[in-house]
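What follows is a short report on a single structure.
Values in this text are rule-based calculations from the coordinates and carry no lab data. Given the structure is predicted, the values throughout are model-derived calculations rather than measurements. With ideal geometry, Cβ positions are generated from the backbone for all residues, glycine too; neighbour counts draw on all protein chains shown.
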Amino acid sequence: FGFIAPLKRLDQALRAFARLRNAFPQARFVCVGEVASGYNFQALLDELALGGAVQVTGYVPMETFLCYLRAVDVGVNLRYPTWGESSATLVRLMACGVPTVVTAAGAFAELPDEVVIKVPAGPGEVDAIETALRQLLSDVGRRAEIGASARAFAADRCDPQKVAHQYAAFIRAIV
């Protein structure tokens, strides 16, 4: 979701997805957003022979973006390297109860293990992504469990009004 760019680890995610195609031939990988300038994403799809299994939407309005968020069975929200940024898409996925695979780095590494599945960046990353996706695609109950935990976490810790009150309290405390 969002810009399709190398730091989103789509190369690794799609390599893992390609390995799953025999076991899950009905699975589709949807990339919602436009491809970043200079990123030859089509070459990756061609190399992995995933053309028919991967859909790239291009830019979509927020209403359509949110429809895609609610429609997916599993989210993939990888980032590396990271500069400490947070991901509004990840918060939205969690709020929708979508079990999501994230990179175990930066702010994502601080999330509770029960609300996301974390995979390491670097050596073994493709294997870890494949394992996480295989687990989630094979086990509806596990997807529901992680999704419910993610939804509860987002409601408790990511509610914009709650966060605004926390910021205001912090500012009052230091001023």
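Could you compute Rg(Cα) / (2.2 N^0.38 Å) for segment 97-175, with N its residue count?
Numbers: Rg = 15.9 Å, N = 79, 2.2 N^0.38 = 11.6 Å.
For segment 97-175, the normalised Cα radius of gyration is 1.38.
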Which residue fluctuates the most in the chain, going by a Gaussian network model with Cα springs under 10 Å, if the choices are GLN135, GLN12, GLN161?
GLN161
Pick from ALA49, ALA121, ALA155: which residue has the top mean-square fluctuation in a GNM of the chain where Cα pairs under 10 Å get a spring?
ALA49
Between the Cα axis of helix 10-20 and the main Cα principal axis of the chain, the angle (0 to 90°, nearest 10) is 60
Given [x] 9.6; [y] 12.1; [z] 11.2, which label gives mean projected area of the Cα convex hull in nm² as computed from the coordinates?
[z]
Between VAL163 and LEU66, what length comes free when the chain is fully extended (0.36 nm per residue of separation minus the Cα-Cα distance, one decimal in nm)?
32.8 nm
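Suppose only helical runs count, i.e. DSSP H with n ≥ 4. What mean residue ellipticity at 222 nm does that imply for the chain under -39500 (n - 2.57) per run, divided by all residues and rounded to the nearest 500 deg cm²/dmol?
Working: 8 runs with 87 residues, N = 175.
Only helices count here, giving -15000 deg cm²/dmol.
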Ignoring chymotrypsin sites (Phe, Trp or Tyr not before Pro) buried by more than 12 other Cβ within 10 Å or outside DSSP loops, the longest site-free run in the chain is 84-175
Gaussian network model of the chain, Cα springs within a sub-10 Å range: biggest mean-square fluctuation belongs to which of LEU78, LEU66, LEU93?
LEU66
Cleavage-rule hits, GluC sites (Glu not before Pro), segment 82-175, DSSP coil, Cβ neighbours within 10 Å at most 11
GLU85, GLU110
